[in-house]
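Here the structure is laid out as structure tokens; the discussion comes afterwards.
Throughout, read-outs are computed from the coordinates displayed, never taken from laboratory work. Everything numeric in this text was worked out from a predicted model, so none of it was measured. Virtual Cβ from ideal backbone geometry, glycine too; neighbours counted across all protein chains shown.
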Amino acid sequence: MSRAFVKEPDGDQVSDDQPEWPISSQLNYVTRYGLEQLNSRRDQLLKQQQLMDDLNSMAAKLSLNQLGRELRYLNARLATAQLIRPLDPKSNNVSIGSTVKVMDENNINYIFTIVGEDEADIKSGKISWISPLANSLLDKDLGDKVNWKRPMGDLNIEIIEIINR
């Protein structure tokens, strides 16, 4: 086919062939803090978008496309967010939002907080409720023993503390 018949973008259009951010098919459980994070990030992006709307450069238009993609993702996540109410602080049951201290068979302690998918951050010890570890801990009680299935080998752990806030 001759290049003469291929539609080229107009000079003021910016091609954006990046895919949309994938939306999880899981229920969108969020903690109060996770919901605040989503709202805060959306507000930041809306401010950035307003500042860039008047710019006419190609780089600004590309950045606006990227901001729009993230905003669409955040709006979709906020629209489906299901806020998890914290359990009674005296509860000895693990749920989403619980901070759980476990000890493995080698007497090594680990601390994890079970959160929604968008809030998960392993560096901060926050694990998604859909992770294998969180799945093995959810609905368990203080003193329960579970098998933590890990790529480097299974590990038996015992729940030694549960903090519900």
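Numerical summary
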{"read-out": "Listed candidates (i) 36.6, 130; (ii) 16.5, 55; (iii) 22.1, 73 - label of the one calculated as Rg and Dmax of the Cα atoms in Å", "value": "(iii)"}
{"read-out": "Neighbour cut-off at most 13 other Cβ (10 Å), DSSP loop, chymotrypsin sites (Phe, Trp or Tyr not before Pro), segment 21-108", "value": "none"}
{"read-out": "Lys/Arg +1, Asp/Glu -1 at C-beta; the chain dipole; positive extreme among Gly153, Pro22, Ser136", "value": "Ser136"}
{"read-out": "Set of segment 122-141 residues, backbone N closer than 14 Å to the point 7 Å along the Cα-Cβ line of Ser91", "value": "138-141"}
{"read-out": "Cross-link pairs beyond the 29 Å C-alpha cut-off, checked among Lys61/Lys126; Lys123/Lys149; Lys126/Lys149", "value": "Lys61/Lys126"}
{"read-out": "Test item: Cα-centred dipole of segment 82-165, Lys/Arg +1 and Asp/Glu -1 on Cβ, debye", "value": "120 debye"}
{"read-out": "Helix axis angle, 32-52 relative to the chain longest principal axis, alpha carbon, degrees", "value": "10 degrees"}
{"read-out": "DSSP-loop trypsin sites (Lys or Arg not before Pro) across segment 61-102, with at most 15 other Cβ within 10 angstrom", "value": "Lys90"}
{"read-out": "C-alpha long axis of helix 58-80 to longest principal axis of the chain, angle in °", "value": "40 degrees"}
{"read-out": "Positive minus negative residues near Ser128 (Lys, Arg vs Asp, Glu; Cβ under 12 Å)", "value": "-3"}
